[in-house]
Amino acid sequence: MAETAIDYGAVFKALPGMVALLTPELVYADVNEEFVRVSGRSREQLIGKYLFDVFPDNPNDSAATGMRNLEASLYRVLATGERDTMALQRYDIEDPERPGEWQKRYWSPVNAPLLGSDGKVVLILHRVEEVTELIRARGSSPGNRGGRAQVLEAELYTRARELQELNERLRQAHSREREVALALQEAMLPAPRQVGNHPAAVRYRPAVGALNVCGDWYDLVDLVGGDRIGVAVGDVVGHGLEAAGVMGQLRSALSAASRVAAGPAQALDVVGRYAHVIDGAESATAVTTFIDCDRHVITYSSAGHPPPVLVHADGRTEFLDQATDTPLDARPDPIPRPQAETTFSPGATLVLYTDGLIERRREDIDTGLDRLAHSLREHRAQDLETLADTVLLELLPPGGATDDTALIIVRL
């Protein structure tokens, strides 16, 4: 049997329930037939018009919040690229046949993003179900009419408003905690600088629209004994102030241990033992490299972290993955961690990063590693600051990653 082509335009128009497509400017791009019928507005009165010009708040109700709540929900969808289900809303609309007369209406809205090929929100699908009659019917059974019906209607609306206000307070509290945690993290991480005689570029990008921020860190230290430097990155599972505090403790511990340890494996052994006594350090990962620029040797060890990349002067990329072990606190009685070495020529570039740079949902991690290697090969001739920006531009999603990203690049 031949496949029948589906007319999705006709499907959209026939969808049950009120459905509209809004542009990022909150202008009606299209509406289905049910939206036209229930709203009492023609397509000509809707398409191409700004949402809140068509449906403003009731000017006779000083406590009206429907427009403000809907606007906040739509902008959250644009900012996060995630679906937003709203609490029950009272949103009065003007009677299209009696200008100046407003009808008390209740709605249950859901707003969902439609993403383009670049990952950005190109349209918002605004679906709304009118529940006015349902609310009134709940109080209109025999013996429950009149005053009791009005009380029930008011109570349902009051509970919905309380839920909306609570959600808004939670969002504001999370936003404030995020700002404080980011400020704390910035204060604890070392400032970008040259380490030894070698230029370095560092970048940190917090997660977008997610809670798991402030657990990533990086460090650069001068080691004793000739032209030797240590470069490390790590990742703490968690979010907010707690993750930022744990991050600061582990970074400081590794920085101190690196200055006295015989090698990177021993430094991670010390930090692993320390991680066992820190609440919130569970499953934390780190990788550290000791670079001997006199001998042109990199010694490295990883505690459950993605491998550093060494870009040789001829463009060849090498993942430093021969000394990978479990996360820092994985063993109650730690045993010596593995350690490996590799050589380099002057002009090589060493890149350390956290998993936010390479991991994507529903994508194998090797795909992200290949993408990173390709970007570094293609742009290895750039100066370090430009290279760091280029790598982030090419590897992070256009709207930002859902996990923190730390990146450090050193020219050897």
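The values are calculated or read from the model by the stated rules, or taken from the named source; none is laboratory data. Small disclaimer: the values here were computed from a predicted structure and weren't measured. Keep in mind that these areas ignore ligands, DNA and RNA; they rest on the heavy atoms of the full protein, side chains included. Shrake-Rupley method; radii C 1.70, N 1.55, O 1.52, S 1.80 Å.
Brief remarks follow.
- In the context of the full set of protein chains, residues of the stretch 365-412 present 42 Å² of accessible surface per residue (probe radius 1.4 Å, heavy atoms only).
- Solvent-accessible heavy-atom area per residue, rounded to whole Å², over the stretch 205-364 at 1.4 Å: 39 Å²
- Apportionment of accessible area to carbon and sulfur, the stretch 20-135, percent (1.4 Å): 49 percent
- Nearby lysines by direct alpha-carbon distance to Lys13 (threshold 22 angstrom, same-chain neighbours under 8 apart not counted): Lys49
- Net length gained if the chain between Val54 and Val38 were fully extended (0.36 nm per residue, minus Cα distance): 4.4 nm
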